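For reference, the structure discussed in these notes is given below.
The values are calculated or read from the model by the stated rules, or taken from the named source; none is laboratory data. Remember, predicted model here, so these are calculated numbers, not experimental data. FYI the Cβ positions are ideal-geometry reconstructions off the backbone, even for glycines, and counts take in every protein chain you see. Heavy atoms of the whole protein, side chains included, go into the accessibility calculation; ligands, DNA and RNA do not. Shrake-Rupley method; radii C 1.70, N 1.55, O 1.52, S 1.80 Å.
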Amino acid sequence: MTLKQAYEYGQEQLKNAEIDDAALDAWYLLEYVTGVSRAMYFLDMNREISLEQETKYCSYVATRAKHVPLQHITGVQEFMGLEFLVNEHVLVPRQDTEVLVECVLEDLKSGIHILDMCTGSGCILLSLLKLCRMSNVNGVGVDISEEALKVAKQNAEKLEVNARFISSDLFCDVEGKYDVIVSNPPYIRTSVIEELKEEVKFHDPFIALDGKEDGLYFYRRIVEDSPKYLKKGGKLYFEIGHDQGEDVSKLMKDAGFVDVTVKKDLAGLDRVVFGMYSVIRANS
Ligand code: GLN
């Protein structure tokens with residue numbers, strides 16, 4: 001098989017299997033297996049690939065045709081320009097979440113402690129620590145899943161970021177006070193998970209998606225408990241679903257958060273809510 005034949009075969013198979021972005025995924029798999037860049041491909045598309053590469057490519061295409069996410073085959077996903085290891089135990093980092101990271105980055109100062117609740121792959125915490133360029137910023141990632149924490153720790157090592165990870169059911173085993181709590185908790189209503197595409201509903205961990213009956217379960221719990229773990233004037237940042245801006249803002253205001261703000265993602269949908277915990281107001 002030549003590079004061109006392989007690429008065409010991959011596109012055909014993935015189109016037949018009704019994979020979104022079939023051509024793109026066929027390309028990424030070819031690049032992953034052969035190491036050929038896009039420019040090299042166009043210069044030399046009639047080059048034969050080795051039998052080993054051909055076998056590998058065809059088997060990856062077959063796996064992708066079964067709607068296994070591309071990232072579970074290649075084992076990585078880019079986020080904030082950094083490469084994160086992923087597997088079936090963590091939510092594949094989404095581009096939408098970059099808006100959350102950008103919001104927090106804008107506010108970071110030196111000497112700050114960050115807590116990332118439901119850290120998953122660690123993508124939020126680790127990109128904050130890697131990209132903040134401030135001295136003395138440190139962070140803790142929390143997750144209930146030991147398997148997810150293994151991935152987060154590997155990512156910390158790979159990105160050479162110093163972070164601590166705690167296994168805890170929300171705040172159960174968390175101690176100390178933080179300047180910033182950030183979270184992209186599971187927020188999809190249980191009844192809606194069934195309607196998601198196969199790549200998500202069968203391959204992202206259910207516990208990373210399920211926000212229970214009304215999708216707000218984790219926001220309620222985190223809003224309720226976070227004041228105990230925030231320093232005076234500390235801030236809570238959430239990623240939210242596009243229709244949760246009002247509900248989550250209300251939860252935060254009712255719990256004593258002030259300056260509660262909703263931010264949109266690049267598609268113009270509500271995606272982030274944040275606010276500052278005001279001790280005076282909460283106690284009054
Ligand atoms: N914090 C991780 C992410 O944003 C995991 C989120 C989750 O599991 N809900 O990708």
Kindly rank 7-16, 121-130 from highest to lowest mean number of other beta carbons found within 10 Å of each residue.
121-130, 7-16
Can you list the residues of the stretch 6-27 with backbone N under 13 Å from a point 7 Å past the Cα of Phe202, pointing along Cα to Cβ?
17-19
Mean accessible surface per residue for the stretch 229-278, computed with a 1.4 Å probe while every protein chain stays in place, in Å²:
46 Å²
Each residue of the stretch 124-141 in turn: what ³J(HN,Hα) in whole Hz from Karplus with 6.51, -1.76, 1.60 and θ = phi - 60°, glycine and Pro shown as x?
6, 4, 5, 6, 4, 5, 6, 9, 6, 6, 10, 7, 6, 9, 10, x, 10, x
Which value, in Å², gives the accessible area per residue of the stretch 96-173 when a 1.4 Å probe is used on the protein heavy atoms?
44 Å²
Report the relative contact order of the stretch 16-163, percent, no decimals, based on alpha-carbon pairs under 8 angstrom and at least 6 residues apart.
18 percent
Rounding to the nearest 10 and keeping the result within 0 to 90°, find how far the Cα-based axis of helix 22-34 lies from the longest principal axis of the chain.
80 degrees
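I'd like the FRET efficiency for Lys4 and Leu105, computed as 1/(1 + (r/R0)^6) with the beta carbon distance as r and R0 of 41 Å, rounded to 0.05. Numbers along the way, then the final one.
Details: r = 42 Å, r/R0 = 1.03.
The computed FRET efficiency comes out at 0.45.
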How large a share of the accessible area of the stretch 73-214, in percent, is made up of carbon and sulfur atoms when the probe is 1.4 Å and the other protein chains stay in place?
45 percent
Of the listed pairs Lys158/Lys212; Lys158/Lys250; Lys153/Lys197; Lys66/Lys212; Lys153/Lys253; Lys212/Lys263, those with alpha carbons more than 31 Å apart are Lys158/Lys212; Lys158/Lys250; Lys153/Lys253
Give me the base-10 log of I(q)/I(0) for the chain at each q in 0.07, 0.08, 0.10, 0.11 Å⁻¹, Debye formula, one uniform scatterer per Cα, rounded to two decimals.
-0.30, -0.39, -0.58, -0.68
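Taking 0.36 nm per intervening residue step and subtracting the Cα-Cα distance, what contour gain separates Glu78 from Asn138 on full extension?
Numbers: separation 60, 0.36 × 60 = 21.60 nm, distance 2.24 nm.
Computed gain between Glu78 and Asn138 is 19.4 nm.
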Geometric extent, Cα atoms of the stretch 115-206 - Rg, Dmax (angstrom)
14.4, 45
For the chain, set up a Gaussian network in which alpha carbons nearer than 10 Å are linked by springs, and say which option among Gly35, Gly233, Gly215 fluctuates the most.
Gly35
Please report, to two decimal places, log10 I(q)/I(0) for the stretch 167-284 at q = 0.09, 0.15 Å⁻¹ as given by the Debye formula with identical point scatterers on the Cα atoms and no solvent.
-0.26, -0.69
Could you go through the stretch 152-167 in sequence order and give the Karplus-derived ³J(HN,Hα) for each residue, using 6.51 cos²θ - 1.76 cosθ + 1.60 with θ = phi - 60°, rounded to whole Hz, and x for Gly and Pro?
4, 5, 4, 5, 4, 5, 4, 8, 6, 10, 8, 9, 10, 10, 10, 8
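Compute the length gained on full extension between Val192 and Lys66: take 0.36 nm times their separation in residues and subtract their Cα-Cα distance, giving the result in nm to one decimal. List each step's numbers first, then the result.
Details: separation 126, 0.36 × 126 = 45.36 nm, distance 2.17 nm.
Using 0.36 nm per residue and subtracting the Cα-Cα distance, I get 43.2 nm.
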Highest mean first, what order results for 179-188, 87-96 on Cβ atoms within 10 Å?
179-188, 87-96
Report the relative contact order of the stretch 114-174, percent, no decimals, based on alpha-carbon pairs under 8 angstrom and at least 6 residues apart.
38 percent
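For the chain, what's the relative contact order in percent, using C-alpha pairs closer than 8 Å and at least 6 residues apart?
Reported relative contact order: 13 percent.
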Angle between the Cα long axis of helix 97-107 and the longest principal axis of the chain, 0 to 90 degrees, nearest 10?
40 degrees
